[in-house]
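What follows is a set of notes on a single structure, which appears directly below.
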Amino acid sequence: MATKPIAELFDLTGKGAIVTGAGMGIGRAIAYRLSEAGAAVMIADIDLDAAKRTAERIKERGRKAEAIKADARNIADAGKVVEATVQAFGSLDILVNNAGIYPLSLALETTEELWDMTLDINLKGLFFYCQAAAREMTRSGRGGKIINIASIDAVHPMGEVSHYNASKGGVLSLTKALALEWGPQKIHVNAVAPGSVWTPGTEKTRQAREAKGQGVEDLLAKFMGRMPLGRPGVPDDIAKVVLFFASEASDYVTGAMLVVDGGYLLT
């Protein structure tokens, strides 16, 4: 059986992709890697200015990208982003559901508003982006790759974020269910589970804790003490794994969740 060389397996030339929450952090790193591999990337973010900055950086590198304002909680936006991607690039072949929030709150203090916002962005919105993308991938007859950003919290819940834990556990279960249902349409659905990754979002969490008189040194020490690789992750650590799932190298993988945590769950 003939096999493709490595360079061809990871070549995304001619592919249209969407990355949600790609204005900064992990989403931006993912957009950079997909574009580097040749994909044309729609940068979807609630912060349009941030989305435009990411798109412009990609264009400066001679690659294709467009920016669009989109709210992960707005179901109509999912269809809008898919339609805009097909119009701009001719096809939708890759969806990366990266948009998410990580608000700290003790379970006894979590409000209905915070619960709904977390689940709406991290799980409900993710589902409807999957649905909108799968409809287009089915219509085209080519199938595609859907990659959901989960978390190690999906299998190892942390304190102060029960609402977040619930949302990411849902992402893992949903990923498996959609992979099972959409496999016959050649739609692969997989998840990536980051551990501790330092991003602008985690910096906001640090600032929020400090505003309450709570430091982060204890949390960092706890994480570092359990990390065999001895360092927190960086956004590109996640982006490289997403590239694998988006490429032909993962063509016999679906319904999987790959943990990217520096070995945290081993200890």
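Key figures
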| read-out | value |
| --- | --- |
| Cut-off 12 Å between beta-carbons: net charge of the residues surrounding Ile68, Lys and Arg +1, Asp and Glu -1 | -3 |
| Test item: Cα-centred dipole of the range 1-82, Lys/Arg +1 and Asp/Glu -1 on Cβ, debye | 100 debye |
| Helix 25-36 axis, angle to the chain major axis (alpha carbon atoms, nearest 10°) | 20 degrees |
| Between 0 and 90°, nearest 10: helix 200-211 axis offset from the chain longest Cα axis | 20 degrees |
| Karplus-derived 3J(HN,Hα), 6.51/-1.76/1.60, for each residue of the range 230-243, Hz, glycine and proline x | x, 8, x, x, 10, x, 5, 4, 7, 4, 5, 6, 4, 4 |
| Cut-off 10 Å between beta-carbons: net charge of the residues surrounding Leu9, Lys and Arg +1, Asp and Glu -1 | -3 |
| Within the chain, longest stretch free of exposed trypsin sites (Lys or Arg not before Pro) [DSSP loop, at most 13 other beta carbons within 10 Å] | 62-211 |
| Sorted by Cβ neighbour density within 10 Å, fewest at the top, the residues Met137, Met117, Met42 | Met117, Met137, Met42 |
| Scaled radius of gyration (Cα, divided by 2.2 N^0.38 Å) that the range 89-151 gives | 1.42 |
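Any read-out appearing in this document is the output of simple, stated calculations on the displayed coordinates, not a laboratory observation. Worth saying up front: this structure is predicted, and the values here are computed from it rather than measured. Positions of Cβ are generated from backbone atoms using ideal geometry, with glycine treated the same way; all protein chains shown enter the neighbour counts.
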